[in-house]
Amino acid sequence: MNGPRRNSATKTWIRQHPYLAVVLGYAIFLVVVTTVVSLTNGSLDVAEILFQALMYSLVYWLPAFFQSRTVRRTKERLDAHGQSKAYLRYPDARPGSLSGTWNQGIATPAEGSLRFQPAVYDNLEPSGRATDFVVQEVLPERRKVRRNERKYLWDVGYEVVTLLTDKGRVQVAASPETLDSLVELLASGPGTPS
């Protein structure tokens, strides 16, 4: 009886403190690895092993830290303008073109329309010309991006929704929260049936 309750409390704490949980888990991992390495090498110089482990950790974790900070700032900037990061592709295009390749960019939804600005890098630097779509219908099917169709879609946990637009069928991949707000705005437009 005590086990499931403790498990639930642990999950709740991890969800509330994700960064602290990662640091705590890494510290435990570092101690275990240091102990195992010192025992297998016959070396008792734990301070040297800990120092080396810490240096290797910094080499791997600092770039990840700066990248996550860039992604967070970009998301805040997009949220302030009612925009979001999304991927777009044209499933009915000729093979070899954009039928199987996801194009990263900035989605700006409005009632019944969507503007997609292709962008590059983690800070979503605009590239190319924006495309405006008049959305005629948002198909109800929503699914996760399959492993075999992830060409140039780097983010994990994204879902896909299909739009029927004035330019043909278009698939949009984004985080579930982004798709919720996107679909709500697009479905409320004048060109779409209620």
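The values are calculated or read from the model by the stated rules, or taken from the named source; none is laboratory data. These numbers come from a predicted model, not from an experiment. Note: ideal-geometry Cβ built from the backbone for every residue, glycine included; neighbour counts use all protein chains shown. Note: accessible area is taken over every heavy atom of the protein model, side chains too, but ligands, DNA and RNA are not part of it. Shrake-Rupley method; radii C 1.70, N 1.55, O 1.52, S 1.80 Å.
Between 139, 154, 110, whose Cα lies farthest towards the positive end of the dipole of the range 95-181 when Lys and Arg beta carbons carry +1 and Asp and Glu beta carbons carry -1, centred on the Cα centre?
Highest projection toward the positive end goes to 154.
Probe 1.4 Å, all protein chains in place: accessible area of residue 79 in Å², nearest 10?
Approximately 90 Å² for this residue.
Just the accessible area per residue of the range 1-159, please: how many Å² with a 1.4 Å probe? Intermediate results must be reported in sequence, preceding the final value.
Details: 11550 Å² over 159 residues.
About 73 Å² of surface per residue is accessible.
Kirkwood hydrodynamic radius (Cα pairs, Å) of the chain? Display every interim value, and only then the final one.
On the way: mean 1/r = 0.0499 Å⁻¹.
Evaluated over the chain, this radius sits at 20.1 Å.
Work out the length of the dipole vector of the range 118-194 about its Cα centre, built from +1 on the beta-carbon of each Lys and Arg and -1 on the beta-carbon of each Asp and Glu, and round it to the nearest 20 debye. Mind showing how you got there, number by number?
Numbers: 10 positive and 12 negative charges, 91 e Å.
I would put it at about 440 debye.
Roughly how many debye, to the nearest 20, is the charge dipole of the chain about its Cα centre, given +1 on each Lys and Arg Cβ, -1 on each Asp and Glu Cβ, and no other charges?
For the chain, the charge dipole is close to 320 debye.
In Å, what is the Rg of the alpha-carbon atoms in the range 121-182, and how long is Dmax?
Expressed in Å, the Cα Rg and Dmax of the range 121-182 come to 12.7, 31.
Going by accessible area, probe 1.4 Å, with all protein chains left in place, what is the ranking of 49, 14, largest first? If you can, show how the numbers build up before the last one.
Numbers: 49 30, 14 80 Å².
Descending accessible area places them as 14, 49.
More than 19 Å apart: what percent of Cα pairs in the range 68-152 qualify?
Working: 1640 of 3570 pairs.
In whole percent, the long-distance tail amounts to 46.
Given a 1.4 Å probe and every protein chain left where it sits, what share in percent of the accessible area of the chain is carbon and sulfur? Walk me through the numbers on the way to the answer.
Working: 7850 of 13140 Å².
About 60 percent, which is the carbon plus sulfur part of the accessible surface.
Which of 126, 7, 30 sits closest to the plus end of the dipole of the chain, meaning its Cα is farthest towards the positive end, when Lys and Arg get +1 and Asp and Glu get -1 on the C-beta?
7
Select from 50, 173, 78 the residue farthest towards the positive end of the dipole of the chain; place +1 on Cβ of Lys and Arg, -1 on Cβ of Asp and Glu, and compute about the Cα centre.
50
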